[in-house]
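Report on the following structure.
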Amino acid sequence: MVDLKYKRVLLKLSGEALSGEGEKGIDPMLAEAIAQRVVHIHEMGVDLAIVIGAGNLWRGILGLERGMDRATADYMGMLGTVMNALALMDAIERTGVVVRVMTAIEMRAVAEPFIRRRAMRHLEKGRVVILGGGTGNPFFSTDTAAALRAVEIGADVLIKATKVDGVYDSDPIKNKHAKRFDHLTYIDTLNLQLEVMDNTAITVCMDNKLPILVLNFWEEADLVSALQGERVGTLVSNLEDG
């Protein structure tokens, strides 16, 4: 068992993590790659909950552009997150780690309904918990669902998993002079309109003093180092925590 700065973690993954850049659907090989990283940090003694998006399966904006009802589009996205959760569950369970999928929208044939105390009990028993179905309500993103669930389960940090090594003032792929931030306050993140998470999610974290850590999930050493308290990625928190 290693020394950990963050013992209980909410990991926010995008749906695209399961499909690869520019692709759609679920790639079993990528699910297995994610599972390997999850198992590694689980073996470090981390209590791990995961929220995953559904951008690889459905983007509500496409429906809205064709006149679809917003609530319907959002519910479809929530169902997509459950499909991703089940795929990730299967990949992790094949490594021998026990997983529970819990959903905000009841579908008892495939997952448990989300009950806060039950989720916390699963974590205490060393199970990985995957939280699907968003918040269960339309008009809220999976970013907001991740922030809400992180606060509910008493997470020490919300880790936003990306393909870049932190938050920049512009797109580092398009601008080689883009500046990376080591630390941002919640207010700076909102005022600068940086695309860390949506404003509702950041506000939930700010109100509950929950730090957000943005890092490159695919650099396994970075994730492990961050959990041990080393300076990795971009930390969004109160000024005194920087």
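The values are calculated or read from the model by the stated rules, or taken from the named source; none is laboratory data. Note that the structure is predicted; figures quoted are calculated from it, not measured. Don't worry about glycine lacking a Cβ; one is built from the backbone with ideal geometry, like all the others, and counts go over all protein chains shown. Heads up: the accessible areas ignore ligands, DNA and RNA and are worked out on the full protein's heavy atoms, side chains in. Shrake-Rupley method; radii C 1.70, N 1.55, O 1.52, S 1.80 Å.
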Quiz prompt | Residue check for residue 155: modelled with pLDDT of 95 or more, open to solvent by less than 50 Å² (accessible area, probe 1.4 Å) and either in contact with a helix residue (DSSP H, G or I) (Cβ under 7 Å, 6 or more places away or on another chain) or not aromatic (Phe, Trp, Tyr) (or both) | solution = yes
Exercise. Select from the range 176-196 the residues that are touching a helix residue (DSSP H, G or I) at 6+ places or on another chain (Cβ under 6 Å) and either basic (Lys, Arg) or open to solvent by less than 10 Å² (accessible area, probe 1.4 Å) (or both) and write down the one among them that is farthest from residue 47 (Cα to Cα).
Key: 189
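Results for (1) buried (at least 17 other Cβ atoms within 10 Å of the Cβ); (2) on the phi < 0 side of the Ramachandran plot; (3) among the aliphatic types (A, V, I, L, M), shown as yes or no for each residue.
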position	(1), (2), (3)
15	yes, yes, no
32	no, yes, no
38	yes, yes, yes
45	no, no, no
93	no, yes, no
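Do any helices (runs of 4 or more DSSP H) lying entirely in the range 1-96 carry at least 1 residues that are small (Gly, Ala, Ser) and touching a residue at least 24 places away in the same chain (Cβ under 8 Å), and which ones are they?
On the way: elements: 28-43, 60-65, 70-93.
The helices (runs of 4 or more DSSP H) meeting that bar are 28-43, 70-93.
Restricting attention to the range 210-242, report how many residues are more than 25 Å from residue 38 (Cβ to Cβ) and out of contact with any strand residue (DSSP E or B) (no Cβ under 8 Å at 6 or more places or on another chain).
1
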Quiz item: Looking at the range 114-136, is at least one residue aromatic (Phe, Trp, Tyr) and farther than 30 Å from residue 70 by Cα?
Solution: no
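Scan the range 108-117 and tell me whether some residue there is in contact with a helix residue (DSSP H, G or I) (Cβ under 6 Å, 6 or more places away or on another chain), part of a strand (DSSP E or B), more than 17 Å from residue 7 (Cα to Cα) and not polar (S, T, N, Q). Write out each step before concluding.
Applying the first criterion (in contact with a helix residue (DSSP H, G or I) (Cβ under 6 Å, 6 or more places away or on another chain)) to the range 108-117 yields 116.
Right, trim to part of a strand (DSSP E or B) and you get none.
No: the range 108-117 contains no residue that is in contact with a helix residue (DSSP H, G or I) (Cβ under 6 Å, 6 or more places away or on another chain), part of a strand (DSSP E or B), more than 17 Å from residue 7 (Cα to Cα) and not polar (S, T, N, Q).
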